[in-house]
Amino acid sequence: MQELNALLEPGMLVRNPTKPEWGVGQVQSNISGKITVNFREEGKVVIDGSAVMLEIVYL
């Protein structure tokens, strides 16, 4: 799980599958497994990459 989250870079668009109501978010940073994402409907959230597998959104 952590391996795919490690590929996330600032600017990438993602979804949190456990919180679909948050909408699409943009990765702000990814440091030591802590991923900061600015979600359209929730705002800025820090996610533990070892607990949640974010899904990359391709437009």
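Residues that are of a type in the set (A, V, I, L, M, F, W, C) and under 8 Å from the mean Cα position of the chain (by Cα) within the stretch 8-38 comprise L8, L13, V14, V27, I35, V37, listed in sequence order. Among the residues of the stretch 30-52, are any among the small types (G, A, S), in contact (Cβ under 8 Å) with a residue 12 or more places away in the chain and in contact with a Phe, Trp or Tyr (Cβ under 8 Å, 6 or more places away or on another chain)? No, the conditions are met nowhere in the stretch 30-52. Inspect all residues belonging to the stretch 16-30 and state whether any of them is touching a helix residue (DSSP H, G or I) at 6+ places or on another chain (Cβ under 8 Å) and part of a loop (DSSP other than H, G, I, E, B). Among the residues of the stretch 16-30, at least one is touching a helix residue (DSSP H, G or I) at 6+ places or on another chain (Cβ under 8 Å) and part of a loop (DSSP other than H, G, I, E, B), which makes the answer yes.
Scanning the stretch 20-39 for residues that are within 18 Å of Y58 (Cα to Cα) and surrounded by 11 or more Cβ atoms within 10 Å (Cβ to Cβ) yields a total of 10. Residues considered: L59, L8. Of these, the only one that is outside any helix (DSSP H, G or I) and modelled with pLDDT under 95 is L59.
The values are calculated or read from the model by the stated rules, or taken from the named source; none is laboratory data. Keep in mind the model is a prediction, meaning the values are calculated, not measured. A quick note on method: Cβ atoms are made from the backbone with ideal geometry, for glycine too, and the neighbour counts reach across all protein chains shown.
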